[in-house]
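Beneath this line is the structure, given in C-alpha cells, with notes to follow.
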Amino acid sequence: MILQYKFLQLSILALFLYSILSSIIGSFVVLRKMTYISGGISHAAFGGLGLGVFLSLNPILTAIPFTLLFTSFLFFIGKKFRIENDSIVSIIWSLGMSLGIIFLNFKKGYTGYLLGYLFGNVLSINIFDISLLFMVLVLTLLIFFIFIKEFLFLSLDYEYAKIVGINSNLFDTIFYLLITLGIIVMIKISGVIVNIIFLTIAPLITKEIFTNIYKIVLFNFILNLFFSLTGLFISYQFDLPTGPSIVLVSITTFIIFKIYINFMKVYER
Amino acid sequence: MSSKIILEIKNLSFVLNGITILEDISFRIMENELLSIIGPNGGGKTTLLKLILGIYKPTKGSINFLEENLSIGYLPQKKSEFFDFPISIYYFILLGRYKKPFIDFNDDDHKKTKEVIQRLGIENILKKRLSTLSGGEFQKVLLARSIVRDPELLILDEPTSFIDVKSQNEFYNLLFELNEKMSIILVTHDLGAISTKIKRIICLNKKITFDGDINTNRDFVMNKLY
C-alpha cells in the first residue's frame, strides 16, 4: 500500500488543502479576468524565492514581502507614467523571473531549486509548509465568505459596485493581498507554472455549468482534487514529474469538456 | 410634478488630461421630473452622468442633492455579452439592493426583488444565462437592478440602443409608469429614439446649448444639437 509512506500522506494532505485554496482564489481570478495578473504575481514570487535562497532564509517567507513590495512598486510606477496594466504585468513577469535566476546563480549548487519552484515538488512538503498553507487557507475562507457579496459585485460590474457604495480600493487591496499570499504558499506544491493552470482550468469549466458561486467553488475543489490526485498517481506509477503530470491531466479534461459542450450545442440546434 | 429640487448642478466644468469635456453646466431636476439629455457622441453625456454618480470629481462647480444619501438607480450602456458571468438573473437583480458590508439580504430585499421581477414581467427568463438574453430582455433586467433599491433618482444611459422599436415603446411605457414615483434622467444621442411624451430636454455638446420643452420647436432643437 503506497499510502503507508509518510511523505505521501503529507503530500495528499497538502494537495487536499491546496485544492480548497486554489478553488476559491481561482474562481475570483477567472471571474475578474485576472489570470494574466496572477501569472505575473507567480513570476514575481520566483524573484522572492531566489532572494530567500541567496540570503539563506526560508524562501517562502522571503517571497511574501518581496512579491508584495515588488509588484506594488511596479504598479505604482505604471500608474505614475501611464503605462498600461498588461505591459506592467509583462515587466513584472520577466523581471521577477530574471531576478530569481540571478539570485540562484549567485548561490552555487542551488540551481536545482529552479525546476522545483517552476513545476513544484509536492513530495518534498514538510509540516511547516502544511501549517503555512493551512493558515492562509483559513484566512482566505474567512475573508472571502464574509465579503462574498462585495467580491462578487466587483467582479461582475466594477463601476456599479462603486456606485452602490462598495469601497473598491479597500476590497481590491484585500483581494490582491490574498491572491499573493495564496499563490506563494501554493508554489512549493505546484510551482510557478502549474499554479497558473490550477487557478484557471477548473473555474473555466465550472463557470460554464453553474450560476452560483458556492457551487462553482465546490466543484472547482472537486476538479482540482481530481487533477492533483490523478496527476500524483500517474507520476508515481510512471515515474514522471508530478507538476507536469497534473498539467496534462487538467488540460486534457478541459479539452474533453470543451469538445463535449460544443457537441451538445450543435446537437441542441 | 412637485417643486422640490432633487438635484442641482451649478457651473460644473470637467477637464481630463488637459481637455475640457464639460464647461459651465448648470441645471436642476425636480421631484418626479423626466429629463432627457441628448447630444452628439463625445459631447460629454456619459461624463456628466459619471460626475452625478460620483465616479468622477468635478474640476469646477458643484453637484448638490436634496439629501446627502439620495438613493440613485443607474442603468449603464452595456450589452448582455459584457456580462458573460456565472450568476443567476435573480441574484443579479438582488445585488441592486446591496447596502453595506456585514449586512446580508433580508426578507424585504427578496420580497422587493420578486415584486420588481413580476412588475417587469421577466419571470420567464430567470433560468436563462445573462449573456444569452436578447437586447430587450437584458434592458429589463438592468432596469430591474436599478429600480430594485427604490431610487429617488433613476439615471439611464442610452437604454434603447440595443433594442427594437416594439421593445422601445414598451420600455418607454415602463419609464413613464416609474416616473410617477421617481425623477428620471435619460441620456441618448438619438433624438429619434426619444418618445414624444418626453417634454424637457437638455442638448449637451460640451456646454448646454438648449434646455426646455422639445415640443415647442423640434427644428430649433435639431439645429442646436448638430
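The values are calculated or read from the model by the stated rules, or taken from the named source; none is laboratory data. Everything numeric here is computed off the predicted structure, so don't read it as measured data. Neighbour counts are summed over all protein chains in view; Cβ atoms, including those assigned to glycine, are modelled from backbone coordinates with ideal geometry. Protein only, heavy atoms only, side chains kept; ligands, DNA and RNA dropped before computing areas. Shrake-Rupley method; radii C 1.70, N 1.55, O 1.52, S 1.80 Å.
With N denoting the number of residues in the stretch B:81-149, provide Rg(C-alpha) divided by 2.2 N^0.38 Å, to two decimal places.
Ratio of Rg to 2.2 N^0.38 Å for the stretch B:81-149: 1.06.
Label-point separation (nm) for residue B:107 and residue A:239, each offset 7 Å from Cα along Cα-to-Cβ?
Once both label points are built, they end up 6.8 nm from each other.
Ignoring any ligand, DNA or RNA, what whole percent of the accessible area of the stretch B:81-149 comes from carbon and sulfur when the probe is 1.4 angstrom?
Accessible surface attributable to carbon and sulfur in the stretch B:81-149 totals 51 percent.
Less than 15 Å Cβ to Cβ from residue B:109, Lys/Arg counted +1 and Asp/Glu -1: what total charge do the surrounding residues give?
Summing Lys/Arg as +1 and Asp/Glu as -1 gives +4.
Over chain A, what percent of the accessible surface lies on carbon and sulfur atoms, probe 1.4 Å?
So the carbon and sulfur contribution to the accessible surface is 71 percent.
State to the nearest 20 debye the size of the charge dipole of chain B about its Cα centre, where the only charges are +1 on K and R beta carbons and -1 on D and E beta carbons.
Using Cβ point charges on Lys, Arg, Asp and Glu, chain B gives about 300 debye.
Please give the per residue accessible area of the protein assembly as shown, computed with a probe of 1.4 Å over protein heavy atoms only, in Å².
Ligands and nucleic acids excluded, the figure is 47 Å² per residue.
Across the stretch B:95-105, in residue order, what do the Karplus-derived ³J(HN,Hα) couplings come to in whole Hz, using 6.51 cos²θ - 1.76 cosθ + 1.60 with θ = phi - 60° and x for Gly and Pro?
Values per residue, Gly and Pro as x: 4, x, 8, 3, 10, 7, x, 6, 9, 7, 5 Hz.
Between A:147, A:92, A:180, whose Cα lies farthest towards the positive end of the dipole of the stretch A:9-192 when Lys and Arg beta carbons carry +1 and Asp and Glu beta carbons carry -1, centred on the Cα centre?
A:92
On a 1.4 Å probe surface of the protein chains, which of A:173, A:242 comes out largest in accessible area, and what is the full order?
A:173, A:242
Over the stretch A:9-192, what relative contact order in percent results from Cα pairs under 8 Å that are six or more residues apart?
After rounding, I find 35 percent.
Using alpha carbons only, how many degrees (0 to 90, rounded to 10) separate the axis of helix B:165-178 from the longest principal axis of chain B?
Around 90 degrees separate the two axes.
Along the positive direction of the dipole of the stretch B:39-87 (beta-carbon charges: Lys, Arg +1; Asp, Glu -1; about the Cα centre), which of B:51, B:87, B:41 reaches farthest?
Of the options given, the answer is B:41.
Output the antiparallel fraction of DSSP beta bridges having both residues in the protein assembly as shown, as a percent to the nearest 5.
So the antiparallel bridges amount to about 50 percent of the total.
Mind checking how much accessible area B and A bury in total, 1.4 Å probe, in Å² rounded to 100?
2400
Let me spell out the model: positive unit charges on the Cβ of Lys and Arg, negative unit charges on the Cβ of Asp and Glu, origin at the Cα centre of the protein assembly as shown. What dipole size does that give, in debye rounded to 20?
Taking the Cα centre of the protein assembly as shown as origin, the dipole is about 520 debye.
Can you compute the charge dipole magnitude of the stretch A:9-192 about its Cα centre, using +1 on each Lys and Arg Cβ and -1 on each Asp and Glu Cβ, nothing else charged? Give it in debye, rounded to the nearest 20.
Result for the stretch A:9-192 is approximately 300 debye, rounded to the nearest 20.
Could you sort B:28, B:129 by their accessible area in this structure, using a 1.4 Å probe and putting the largest first?
B:28, B:129
Mind checking which of B:148, B:15, B:187 has the largest fluctuation in a GNM of chain B, springs on alpha carbons under 10 Å?
B:15
What accessible surface, in Å², does a 1.4 Å probe find on residue B:152, ignoring ligands, DNA and RNA and rounding to the nearest 10?
Residue B:152 has an accessible surface of roughly 60 Å² with all protein chains in place.
Label residue B:84 and residue B:123 with points 7 Å out from Cα along Cα→Cβ: what is the distance between them in nm?
With each label point 7 Å from Cα toward Cβ, the separation is 3.3 nm.
Are there residues in the stretch A:132-179 whose accessible area shrinks by at least 30 Å² when all protein chains are included rather than the chain by itself, and which are they (probe 1.4 Å, ligands and nucleic acids not counted)?
A:147, A:149, A:150, A:152, A:153, A:156, A:157, A:159, A:160, A:163, A:164
Give me the Kirkwood hydrodynamic radius of the protein assembly as shown, using the inverse of the mean 1/r over all pairs of distinct Cα atoms, in Å to one decimal.
Result for the protein assembly as shown, one decimal place: 25.5 Å.
Quote to one decimal, in nm, the extra length available between residue A:61 and residue A:108 on full extension: 0.36 nm per residue of separation minus the C-alpha distance between them.
Length difference between fully extended and current span is 14.8 nm.
Kindly provide the helix-only [θ] at 222 nm of the protein assembly as shown, computed as the sum of -39,500 (n - 2.57) over DSSP H runs of four or more divided by all residues, to the nearest 500 deg cm²/dmol?
That calculation yields -19500 deg cm²/dmol at 222 nm.
Rounded to the nearest 5, what is the percent of antiparallel bridges among the DSSP beta bridges in chain B?
Within chain B, antiparallel bridges account for around 50 percent of the total.
Using the Kyte-Doolittle scale, find the helices of chain A whose mean hydropathy is at least 0.0 and whose Cα atoms extend 15 Å or more along the helix's long axis, counting only whole DSSP H runs.
Sorted by number, the helices that extend far enough and score high enough are A:6-31, A:35-54, A:59-80, A:85-106, A:127-146, A:168-206, A:213-238, A:242-268.
What are the residues of the stretch A:211-237 that lose 20 Å² or more of accessible area, with a 1.4 Å probe, going from their chain alone to all protein chains?
So the qualifying set is A:211.
If I fit a long axis through the Cα atoms of helix B:107-119 and take the longest principal axis of the Cα atoms of chain B, what angle between them do I get, 0 to 90°, rounded to 10?
Long axis of B:107-119 versus the principal axis of chain B: about 70 degrees.
How high is the FRET efficiency between residue B:164 and residue B:99 when r is their beta carbon distance and R₀ equals 51 Å, given to the nearest 0.05?
0.90
Output the pairs from A:265/B:50; A:33/B:50; B:57/B:127; A:258/B:99; B:57/B:78; A:258/B:50 with a Cα-Cα distance over 28 Å in this structure; if there are none, say none.
As for pairs spanning more than 28 Å Cα to Cα, those are A:265/B:50; B:57/B:127; A:258/B:99; A:258/B:50.
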